[in-house]
Amino acid sequence: MTTPKRVPVGERTFCVLLLIFSLVVLYQAFMISGFSSISSPGAFPLGISAVLLIASLRVLYELRGKPTDGDGWLTSFKRFKHTHFPRHIVVFTLLAVAYLVAIQWVSFYVSTFLFLMAAVVYLRRGKVLSALFASSALVLAIYLLFTLAFSVYLP
Amino acid sequence: MTDTLSYLLMAWMDPNLLMLTALGTFAGIYIGAIPGLSVTMAVSILVSFTFSWDVNEALALIVGIFIGGVYGGSRSAILINIPGSPSSVATSFDGYPLAKRGEAGQAIGLSTVMSVIGGLCGTLVLACAAPVLGDLALQFAPRDYFLIAAIGLMLVGSLAAGSLAKGIVAVCLGAIVGMVGMDPVTAQGRFTMGQMELMGGIHYVVVMIGLFGVAEALYQLHNLDTAVVKQNVSKVIPPLAMVLRFLPLSLRTSAIGVLVGALPGVGGDIAALMAYDHAKRSVKNPSRPFGEGAYEGLVAPETANSAAVGSAYVPMLTLGMPGDAVTAVIIGALVVHGLNPGPMLMVENPHIFWFTVGNLALANIFLLIFGLMGIKLFAKVVELPKAVLIPLILVLCTVGSYSLNSSMTEVYWMFGFGVLGYFLKAFGFQMGPIILGVILGPLMDTSYRQAMASVGDNPQELLMELISSPVSLVLSAALLLIVLGNTPLYGWLKRKTARASSSPS
């Protein structure tokens with residue numbers, strides 16, 4: 001087992017959140033049928049939630065003593081954002097959310113074309129013409145494949 | 001007998017199925033070879049597209065993708081030192097050094113032939129072992145299923161890269177997701193938080209598409225600008241003498257692949273690493289030192305990961321337990337098609353089993369054909385820029401999860417799981433164990449309660465049965481060994497015995 005020298009930024013917070021989540025899950029499992037019977041609907045969920053709680057505790061325990069950067073909250077947050085959410089990932093995720101919302105407003109093909117266009121232009125930093133070509137080709141391929149060949153229900 | 005033969009040859013005789021298998025294998029090679037597209041991703045998305053199809057057609061396509069994809073990963077491992085799929089990690093150890101020496105064509109050719117040898121071994125084992133295990137499985141009691149599932153989850157938790165605790169967290173998370181919704185026995189809501197929408201449960205194909213599609217795509221955005229190294233590929237077909245020279249090793253590593261693949265939950269990635277390790281220890285005079293372009297280091301993982309494909313079907317078709325992440329998704333496909341994977345599948349639908357065997361063999365033949373040609377074209381496809389690929393994956397995931405139920409709710413769930421998966425991945429949690437948890441969790445729940453009910457809710461009696469029934473005893477012992485092997489106690493014992501043997505008495 002390899003022990004990384006430093007705890008990746010945000011991992012400790014994530015593990016604490018995981019621990020809280022396991023407690024909520026345990027409570028939810030208890031709410032199913034309490035300790036009424038050893039083969040009740042809640043018995044196995046209770047068991048597995050307990051294992052989850054123990055494992056999350058263990059994950060947190062494994063992080064002990066490893067150096068973090070000891071920065072303030074804001075600096076850590078910035079570093080976290082930098083490591084896990086560099087700008088292009090945030091922009092892409094936002095584009096994706098906008099796309100999923102837009103499907104219901106404008107039709108599937110229109111929103112797909114716009115999304116592909118926007119995402120490709122952004123990720124390739126310009127190159128509008130090739131993006132236009134790529135997205136048109138992909139939308140055409142999706143039409144041929146899913147509407148004609150697979151006859152899938154599209155949004 | 002004639003029935004068996006006709007099922008076996010179904011895919012070979014029906015031009016439609018033949019074409020789908022060929023198409024699947026061809027597409028699989030490319031999907032596997034493009035870093036960022038995985039077999040699991042492709043199969044998860046395909047399950048939702050093909051559910052209106054005839055089940056044989058869907059399975060033919062999926063088998064092709066599976067066989068092609070596991071092999072395809074080796075190509076990018078050899079050419080650009082980026083394993084296209086987890087099962088080809090070990091291939092890059094010696095494959096890339098070979099390409100750097102200008103022997104990429106030879107390496108690809110050899111890995112193709114070896115994959116086919118491994119794949120055929122796996123298929124043969126599936127054909128021989130599954131019927132025997134299937135008959136045995138009919139005598140398994142619910143407690144045995146519980147034990148096998150627990151063994152599978154422990155194995156996948158402990159063998160997944162990173163820490164055991166993280167593996168177990170992933171498995172438990174999956175199991176809990178799998179149990180959301182109505183309890184199958186009492187119809188009571190579980191983990192629904194009072195929401196009616198959750199009573200129907202979360203469709204696990206949605207979870208799969210989210211974790212393997214969206215999460216993977218988001219993660220791939222980190223290395224958007226991977227440089228493509230062009231290799232001069234020529235002389236692909238390996239000389240017969242070379243194939244014969246490595247045949248003994250390939251049969252040994254196929255055996256490793258078959259054994260590891262047949263364990264519930266553990267698949268080709270681990271088989272390949274173990275086979276590489278075996279080759280390193282057992283081959284005395286490799287063609288070159290390992291890690292510097294030894295052909296042995298290429299043969300071992302490639303045979304093992306392909307052999308694991310066939311044998312991963314063994315627990316799936318006989319017990320309803322996935323042999324690895326891809327077969328977990330295929331279980332989803334069978335359920336979507338109204339089949340019930342489990343011990344009764346072989347009895348109720350024997351055609352599915354023999355059809356799969358015949359189909360796997362066929363896909364291996366296609367693999368040999370496609371693998372040894374079209375290399376030039378291939379080099380172009382790997383250059384498909386990620387900036388186009390990643391948005392496309394998202395669109396495919398959206399279409400896939402929408403088509404399951406024709407509702408946007410599934411799409412939002414899928415995206416939610418994608419973002420969650422991205423976080424989990426970023427902090428070293430694996431996706432495979434989650435999916436196995438989703439499948440095996442509810443199975444364990446049901447078998448646990450059946451086992452308890454059969455002894456009248458008396459835990460002591462259940463313990464007695466665990467000891468008195470030979471099958472249960474073996475399984476409990478295995479589970480106990482795995483659990484002990486993963487606790488600090490084992491390490492302590494090992495150190496103690498090592499010290500005892502090293503100190504002169």
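Rule-based calculations on the coordinates, nothing more; no lab input. What you see is a predicted model; the values in this text were computed from it and never measured. Cβ coordinates were reconstructed from backbone atoms using ideal geometry, including for glycine residues, and neighbour counts include every protein chain displayed.
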In straight Cα distance, which aspartates and glutamates are under 20 Å from B:Lys386, not counting same-chain residues fewer than 8 positions off?
B:Glu216, B:Asp225
Residues whose built amide H sits under 5 Å from the amide H of B:Gly189, excluding neighbours closer than 5 in sequence, are B:Asp183
For B:Ser468, net neighbour charge (Lys/Arg +1, Asp/Glu -1) across residues whose Cβ lies under 14 Å away
-2
CD proxy at 222 nm, helix term only [per DSSP H run n ≥ 4: -39500 (n - 2.57); per residue of chain B; nearest 500]
-24000 deg cm²/dmol
If you take each beta carbon of peptide B:26-32 and count the beta carbons of other chains within 10 angstrom, what is the mean?
0
Quote the relative contact order of chain B in percent (integer), defining contacts as alpha-carbon pairs under 8 Å separated by 6+ residues.
27
Burial ranking of peptide ranges B:14-27, B:314-327, B:435-448 (average Cβ count within 10 Å, highest at the top)
B:314-327, B:435-448, B:14-27
Return the subset of A:Lys78/B:Lys166; A:Lys81/B:Lys280; A:Lys66/B:Lys100 for which the Cα-Cα distance in this structure is over 32 Å, preserving the input order.
A:Lys81/B:Lys280; A:Lys66/B:Lys100
Net charge of neighbours whose Cβ lies under 13 Å from the Cβ of B:Val309, counting Lys and Arg as +1 and Asp and Glu as -1
-3
If you put +1 on each Lys and Arg Cβ and -1 on each Asp and Glu Cβ, how big is the dipole of chain B around its Cα centre, in Debye rounded to 20?
1920
Can you give the charge dipole size of the protein assembly as shown about its Cα centre, rounded to the nearest 20 debye, using +1 on the beta carbon of Lys and Arg and -1 on the beta carbon of Asp and Glu?
2640
Within 10 Å of each Cβ in B:352-365, the average number of Cβ atoms from other chains
0
